[in-house]
Structure formats: C-alpha cells, structure tokens
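Please treat every number below as a calculation from the coordinates, not as lab data. All of these numbers come straight from a predicted model, not from anything done at the bench. Note that each Cβ is placed from the backbone with ideal geometry, even for glycine, and that neighbours are counted across all protein chains shown.
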Amino acid sequence: MTRFTYHECRYKSMIMSVKEVPEMFARLTKVNVKADKIDQSIDVFQESIVQAAQEQEGFKGILLLTNRETGDGISISFWESEEHAAANEASHYYQNQLIKRLQYYTKPPIREGYEVSFKLDKKT
C-alpha cells in the first residue's frame, strides 16, 4: 500500500524527498544492558544478529540505538510485511537472536510491532 506520492520540499537549503512507502513492518525491541557489557552486546549484534537477519525472507534493514548512560537500547528491524516478521518468529529466528545477548540484559526485553507509516530519505 502506498501512503505518499513523490513530493519535494526545501528546508534550510536541503532538498528532501518523500517517497512512496510500500507496505512495511517494523519490529522494535527494547532492552537494558549491563553498563560493563554494552560494547560486547553491540559486537554480538553486529557480528551475529545482523548476519542472521539478512538471511531471513522479507528482511529490509535494521538499526541499533544505544544510550550508554542508561544502558537502554532499541533495535528496529524492518520487514516487507507483518507476515514476514511473524514468520521468522514462528521459525524461532527472533527468539534465537535474543538468546545470543540474554546474558547482557538487566531485565527481559520488550518487543513491539509497528506499521511503517512514513519514511523520509534525503534526496541525493
């Protein structure tokens, strides 16, 4: 489903474009990591979880956001559809990725799912 059509706007001399947004789903996982384990947790994410995600059908991309002061972290993975995200949970992919970093968490992770409603890319 397309929510927006191509449109250009100028803001502080930057040209940005709003592109057509095909149906896309985002899985957000919130964690809190032990202060002395943040770097190790990021390493596992980059070296193992990202690679495994790229092998999943419907995978579109992934982000990891970290607050080193609080230990809070948010990963956001993007999927072609909610069905793709649900399928990799049914195959235990998601659970297996959480287990890889479980030793670093101070409390259980929180998982949420969202429809991607808007996306803005810088026009190059």
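Figure legend: label point modelled 7 angstrom from the Cα of A35 along Cα→Cβ; residues of the range 54-94 with amide N under 16 Å from it are 67-73.
The H on the amide N of V33, modeled in the peptide plane, is under 5 Å from the matching H of D72, G73, T106, each at least 5 residues off or on a different chain.
Computed from backbone phi, the HN-Hα couplings of the range 114-120 come to 9, 6, 7, 9, 7, 9, 10 Hz, rounded to whole numbers (Karplus: 6.51 cos²θ - 1.76 cosθ + 1.60, θ = phi - 60°; Gly and Pro given as x). Neighbour counts of C-beta atoms inside 10 Å place K119, K60 in the sequence K119, K60, starting with the fewest.
Which aspartates and glutamates, if any, have their Cα less than 16 Å from the Cα of K100, not counting same-chain residues under 8 positions apart? Of all the aspartates and glutamates, those that pass the test against K100 - Cα under 16 Å, at least 8 places apart if same chain - are D39, D43, E47, E89. Exposure proxy ranking for E80, E55, based on other Cβ atoms within 10 angstrom of each Cβ and starting from the fewest, stands as E55, E80. Cβ crowding within 10 Å ranks H92, H84 as H92, H84, fewest other Cβ atoms first.
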